[in-house]
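Visitor: Before we start, here is the structure in question, set down as structure tokens.
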Amino acid sequence: MTETSQLSLLDPYAYVEGCPHARLAELREAGATSWQPDTTDASLSQPQIFGGWFVHRYEEVKAVLRDPAVFSSQRGTVLLVDPAPDRVELMANMLINMDPPKHSRHRKLVAAIFTPRRVEELRPRVEAIAREVIDRIAPNGTADGIRDIAAPMPMRVIAELLGVPERGEQIFDISNRMVGAVDAGPEARQELAMEAAFEIHLLGQEIAREKRGSDDGTIISAYVNGTLKGVEGEQRGATDEEAGWFLMLMSVAGNETVRTATAHAIRILAEWPDQRDLLVSDLDRHIPGAVEEILRYRAPLRSVRRTANAATEIAGQPISEGNKVVCNFTAALRDPRVFDEPDVFDITREQPRTQLAFGFGEHYCLGANLARVQLQSVLREIYSRIPDIHPSGEVVHQPTALISGLLSMPVAFTPER
């Protein structure tokens, strides 16, 4: 087995047994940044991954993310690998890869549907979906924590918001292949991911054509028509091409955070039974805090990347123009300068105003409110009905530096009667 402490943190195989928290802690205490060297990933069509500066501390991560003029999302994209040059220009059509002013205009097209008021209106439907998910497995006593519990709800919610509930299973299948959440070897995962990205882009264009000219209040309708109530001023609707990229983003970002956080919630609460018992003792009181602490303790998104538009510095470390700068949420969310006893899981912890697990600045997650409602809903169903749920076999991690996803996690619990 390769010694993970010797691997670049950009190497996916540094994460085959989960997050290397001890190594991140050492780097964080040594400085706000560390240089991570080039590496390779055999699962990529372009296997070379170029090195970059990792940013490990909470305040420094925020400083990078709040300055898009210096630290660009568009230049090289936010991914940890370098797409082919012709792909970079295409991928700049995805919201997460845009810089101002383009980003601001596109964000306004859909931001109004994610306001707290609108999300609260969705809560009853989200709660019903969570109930249906747990209904299917509660009498059985065993399940796969990913396939049967964590994965179904977020994709159903997103498909309904997109206005295409009948395509939920299709989008779910494509998104799994796109993020590598499949049981396949490296070369096969890469081929499947490329095919899936092509499929989801075409599907987004198809849905855009269906929605253009209608005003049904769904996200895609709002995005392509620019008519969502609550958007200030006249906004041109997105093109079919842009809608394809938007569906790609929604099918991953709108799904992965909730799926990963749900899976980790089951693991964490089994590892910390005193905190599980506290949660179960008063769900109404403790669920909101539990959600925030789960997101902090095991952040679903490990890192995002920026590219320096000009020579600059981070906490005294010179950064050259063109350098890759990777904001590491996992390390930042255990920064002892911000969190007392950061390696302790505590659902009563007073959290900072900014939930960094959702990012910061102009790219703060549009769906953060919706993700919270989904997590609150599914945790309520789980811990009011099958509270002794716990992993019962091998937990298989996704080998990736980008997300802290799990491929499988068998679970067991006392069946509901």
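Visitor: Being surrounded by fewer than 21 Cβ atoms within 10 Å (Cβ to Cβ), of a type in the set (A, V, I, L, M), at pLDDT below 90 and within 20 Å of the chain's Cα centre (by Cα): is that true of ALA92 here?
Guide: Against the criterion (surrounded by fewer than 21 Cβ atoms within 10 Å (Cβ to Cβ), of a type in the set (A, V, I, L, M), at pLDDT below 90 and within 20 Å of the chain's Cα centre (by Cα)), ALA92 qualifies.
Visitor: Next question, about the same structure. Which of the residues spanning region 336-357 are of a type in the set (D, E, K, R) and either assigned to a helix (DSSP H, G or I) or buried (at least 16 other Cβ atoms within 10 Å of the Cβ) (or both)?
Guide: Once the filter is applied, which keeps residues that are of a type in the set (D, E, K, R) and either assigned to a helix (DSSP H, G or I) or buried (at least 16 other Cβ atoms within 10 Å of the Cβ) (or both), region 336-357 yields ASP346, ARG349.
Visitor: Being touching an Asp or Glu at 6+ places or on another chain (Cβ under 9 Å), touching a residue at least 12 places away in the same chain (Cβ under 8 Å), within 15 Å of ASN309 (Cβ to Cβ) and assigned to a helix (DSSP H, G or I): is that true of VAL88 here?
Guide: Taking the combined requirement at face value, the residue satisfies it.
Visitor: Right, here's the next one. Does THR400 qualify as being under 21 Å from ARG117 (Cα atoms) and assigned to a loop (DSSP other than H, G, I, E, B)?
Guide: The answer is no for THR400.
Let's see how each residue does on (1) among the charged types (D, E, K, R); (2) modelled with pLDDT under 85; (3) exposed (fewer than 15 other Cβ atoms within 10 Å of the Cβ); (4) in contact with a helix residue (DSSP H, G or I) (Cβ under 6 Å, 6 or more places away or on another chain):
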{"residue": "PRO124", "(1), (2), (3), (4)": "no, no, yes, no"}
{"residue": "ALA143", "(1), (2), (3), (4)": "no, no, no, yes"}
{"residue": "ILE146", "(1), (2), (3), (4)": "no, no, no, yes"}
{"residue": "MET153", "(1), (2), (3), (4)": "no, no, no, yes"}
{"residue": "GLU169", "(1), (2), (3), (4)": "yes, yes, yes, no"}
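Visitor: Among VAL133, VAL119, which is modelled with pLDDT under 95, out of contact with any strand residue (DSSP E or B) (no Cβ under 9 Å at 6 or more places or on another chain), surrounded by 19 or more Cβ atoms within 10 Å (Cβ to Cβ) and among the hydrophobic types (A, V, I, L, M, F, W, C)?
Guide: The unique qualifying residue is VAL119.
Visitor: State whether the residues of region 40-48 include one that is surrounded by fewer than 17 Cβ atoms within 10 Å (Cβ to Cβ), assigned to a strand (DSSP E or B), over 19 Å from the mean Cα position of the chain (by Cα) and of a type outside the set (Lys, Arg).
Guide: Yes: region 40-48 contains one or more residues that are surrounded by fewer than 17 Cβ atoms within 10 Å (Cβ to Cβ), assigned to a strand (DSSP E or B), over 19 Å from the mean Cα position of the chain (by Cα) and of a type outside the set (Lys, Arg).
Visitor: State which residue is surrounded by the fewest Cβ atoms within 10 Å (Cβ to Cβ) when the search covers only region 225-247 and only residues that are touching a Ser or Thr at 6+ places or on another chain (Cβ under 9 Å) and at pLDDT below 80.
Guide: Among them, the one singled out is GLY230.
Visitor: Restricting the search to region 380-417, which residues are under 19 Å from ARG276 (Cα atoms), among the hydroxyl-bearing types (Ser, Thr, Tyr) and in contact with a Leu (Cβ under 9 Å, 6 or more places away or on another chain)?
Guide: TYR383, SER384
Visitor: Would you be able to say whether some residue in region 365-377 is in a strand (DSSP E or B), modelled with pLDDT under 95, within 27 Å of ALA150 (Cβ to Cβ) and in contact with a helix residue (DSSP H, G or I) (Cβ under 7 Å, 6 or more places away or on another chain)?
Guide: Within region 365-377, none of the residues are in a strand (DSSP E or B), modelled with pLDDT under 95, within 27 Å of ALA150 (Cβ to Cβ) and in contact with a helix residue (DSSP H, G or I) (Cβ under 7 Å, 6 or more places away or on another chain).
Visitor: A further question on this structure: From the list VAL78, VAL61, pick out the single residue that is β-branched (Val, Ile, Thr), assigned to a helix (DSSP H, G or I) and either farther than 20 Å from PHE246 by Cα or in contact with a Lys or Arg (Cβ under 8 Å, 6 or more places away or on another chain) (or both).
Guide: VAL61
Visitor: Go through region 268-309 residue by residue and tally those that are under 23 Å from THR400 (Cα atoms) and charged (D, E, K, R).
Guide: 6
Visitor: Find all pairs meeting these conditions: Cβ atoms under 6 angstrom apart; at least six residues apart or on different chains; first residue within region 60-77 and acidic (Asp, Glu); second residue not in a helix (DSSP H, G or I).
Guide: Partner pairs satisfying both residue conditions: GLU60/ALA32; GLU60/ILE314; GLU60/ALA315.
Visitor: Where the second residue is assigned to a strand (DSSP E or B) and the first is among the acidic types (Asp, Glu) and lies in region 387-414, which pairs have Cβ atoms under 9 Å and are six or more apart or on separate chains?
Guide: Partner pairs satisfying both residue conditions: ASP388/ALA412; GLU394/SER408; GLU394/PRO410.
Visitor: Quickly run through region 131-142 and pick out the residues that are in contact (Cβ under 8 Å) with a residue 12 or more places away in the chain, more than 19 Å from ASP173 (Cα to Cα) and either part of a helix (DSSP H, G or I) or hydrophobic (A, V, I, L, M, F, W, C) (or both).
Guide: Passing the criteria: ARG131, ILE134, ARG136, ILE137, ALA138.
Visitor: To continue, here is another question. Sort out which residues of region 358-399 are buried (at least 19 other Cβ atoms within 10 Å of the Cβ), aliphatic (A, V, I, L, M) and closer than 18 Å to ILE287 by Cβ, and write them in order of number.
Guide: Matches in region 358-399: LEU370, ALA371, VAL373, LEU375, VAL378, LEU379, ILE382, ILE386, ILE389.
Visitor: Only residues that are within 17 Å of THR142 (Cβ to Cβ) and part of a helix (DSSP H, G or I): list them for region 382-396, please.
Guide: ILE382, ARG385, listed by residue number.
Visitor: Quick one: count up the residues across region 276-334 that are surrounded by fewer than 17 Cβ atoms within 10 Å (Cβ to Cβ) and of a type in the set (A, V, I, L, M, F, W, C).
Guide: 5
The values are calculated or read from the model by the stated rules, or taken from the named source; none is laboratory data. Model, not experiment: these values are computed from the prediction. Neighbour counts are summed over all protein chains in view; Cβ atoms, including those assigned to glycine, are modelled from backbone coordinates with ideal geometry.
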